[in-house]
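See below for the structure under consideration.
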């Protein structure tokens, strides 16, 4: 009976985050929708699509200390568990990348987003289910809870309710719900809801180091 219970919990976990091992501690072992950190975005998008996304999102992080150190790319589609995926890749001032195709557009961070438009309570309920399972599956990871204002909304009415799992290897997994001020959300054309983010500490530091 106990083994059946464990398997059911792991199936719930894998609905949001897949891994070659539930005890994985190498960031390349974790996958979202079959995509891993270290993969090239060229395996999933054309170069023109990637460059178009870099241009579209280039001004999304004005609140960060180094807003253009990395570039954000988003991919919508018929995913099994998410409404869209997001990736962080290395950037530089000229947006020029190394010429070796195998080294271009390497995924440094990956996230999955599930929409919960104007349904924050339902998002938190699902978030807490995932957090509970992560807590049981990764008991040695440091768990940190945080509620903060969304850095892009100047009104201060948008929040991020997040739980972080930090691993000794430097991996950070964030499970969070975003609640945006509705006026701001419509103006920006953004979604809101559940996010599962897998990232090395260097990217997490970039995302959390504000001006």
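A few notes on this one:
- Residues that are surrounded by fewer than 16 Cβ atoms within 10 Å (Cβ to Cβ) and either within 15 Å of residue 190 (Cβ to Cβ) or modelled with pLDDT of 85 or more (or both) within segment 67-82 comprise 74, 76, listed in sequence order.
- If you go through segment 34-45 and keep only what is surrounded by fewer than 16 Cβ atoms within 10 Å (Cβ to Cβ) and assigned to a loop (DSSP other than H, G, I, E, B), you end up with 34, 38.
- Residue tally, condition surrounded by 15 or more Cβ atoms within 10 Å (Cβ to Cβ) and either within 18 Å of the chain's Cα centre (by Cα) or modelled with pLDDT under 85 (or both), over segment 46-59: 3
- Taking the criterion of being touching a strand residue (DSSP E or B) at 6+ places or on another chain (Cβ under 8 Å) and free of Cβ contacts under 8 Å to residues at least 40 places away in the same chain, the only residue of segment 185-201 that qualifies is 201.
- Enumeration of residues in segment 127-157 that are farther than 22 Å from residue 207 by Cβ and under 19 Å from the mean Cα position of the chain (by Cα): 128, 129, 132, 133, 135
- Among the residues of segment 51-68, those that are in a loop (DSSP other than H, G, I, E, B) and in contact with a strand residue (DSSP E or B) (Cβ under 8 Å, 6 or more places away or on another chain) comprise 58, 60, 61, 63, 65.
The values are calculated or read from the model by the stated rules, or taken from the named source; none is laboratory data. Since this is a predicted model, take the numbers as computed values, not measurements. Neighbour counts are summed over all protein chains in view; Cβ atoms, including those assigned to glycine, are modelled from backbone coordinates with ideal geometry.
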